[in-house]
Amino acid sequence: MSDPQFSKFPHLHLAQHVFQISNPYCPSAKQQTSLEALQNAIKEHKMAPLYRHLAHPTEGILNPGGEGSASATSPPPLKRQGSTLSSMLATKNPSKNIDLPWDEKLYEELKAENEKELEAIQKEEDDAVEKEGETEIQAARSKRAEFWARVGDRVCLCEALLHPGHSS
């Protein structure tokens, strides 16, 4: 049987979970269920960029006041324009009933796994350029776009789609 002709990423149900977590009118049991589902997806799919975007103590959209503290101190990187997913929030002032806690160790683990996977994708792309035809090269490059869609980084996904020969 052939692969489906549609992308399995991004996981659109995650946007619904973020909406429910941030909605002050959502029942707290449903918020808790959404929080658990979101945390599980972040770990399962190694979604370091999405985790940072949502939970970072100073930059996370679920922590708009810059409240909270990271377990390791590091200067926050500049926010990238266009990478916000704040349209997933129910309101500009998210619910404080549910907290997506920041775990610097988890983030660093996810980020390291992402970097390792990107290195493997780059190696596959390089091998395809050296030894294969255009179809195989494009297939290898599309893995990078699928990777960025899976981990929830819209900016890198767009770059991978618009400039497929460049590394993100």
Would the stretch 82-96 turn up any residue that is charged (D, E, K, R), at pLDDT 85 or above and closer than 30 Å to LYS30 by Cβ? no
When LYS46 is evaluated against the numbered criteria (1) in a helix (DSSP H, G or I); (2) modelled with pLDDT of 95 or more, which criterion, by number, is the only one it fails? (1)
Looking at ARG150, is it over 30 Å from ALA29 (Cβ atoms), surrounded by 12 or more Cβ atoms within 10 Å (Cβ to Cβ) and either of a type outside the set (A, V, I, L, M, F, W, C) or modelled with pLDDT under 90 (or both)? no
Among residues of the stretch 153-168, those that are at pLDDT 80 or above and surrounded by fewer than 20 Cβ atoms within 10 Å (Cβ to Cβ), counted: 4
Return yes or no: is PRO75 modelled with pLDDT of 90 or more, part of a loop (DSSP other than H, G, I, E, B) and over 21 Å from ARG154 (Cβ atoms)? no
Within the stretch 104-128, residues farther than 21 Å from TYR51 by Cα and touching a residue at least 12 places away in the same chain (Cβ under 8 Å) come out as ILE121, GLN122, GLU124, GLU125, ASP127, ALA128
Just a yes or no: is a residue in the stretch 111-120 surrounded by fewer than 18 Cβ atoms within 10 Å (Cβ to Cβ), within 26 Å of LEU12 (Cα to Cα), modelled with pLDDT of 90 or more and among the basic types (Lys, Arg)? yes
Considering the stretch 129-147, residues that are surrounded by 17 or more Cβ atoms within 10 Å (Cβ to Cβ) and either among the hydrophobic types (A, V, I, L, M, F, W, C) or under 15 Å from LEU50 (Cβ atoms) (or both), and then whichever is farthest from the chain's Cα centre (by Cα), we arrive at ILE137
Does HIS13 qualify as being modelled with pLDDT under 90 and assigned to a helix (DSSP H, G or I)? yes
Can you tell me which of LEU38, LEU54 is closer than 19 Å to GLU104 by Cβ and either of a type outside the set (A, V, I, L, M) or in contact (Cβ under 8 Å) with a residue 60 or more places away in the chain (or both)? LEU38
Among the residues listed as ALA70, ALA55, ALA41, the single one being within 24 Å of GLU113 (Cβ to Cβ) and at pLDDT below 90: ALA70
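The values are calculated or read from the model by the stated rules, or taken from the named source; none is laboratory data. Just so it is clear, the structure is predicted and the values come from calculations on it, not from any experiment. Backbone-built Cβ (ideal geometry, glycine too); neighbour counts: all protein chains shown.
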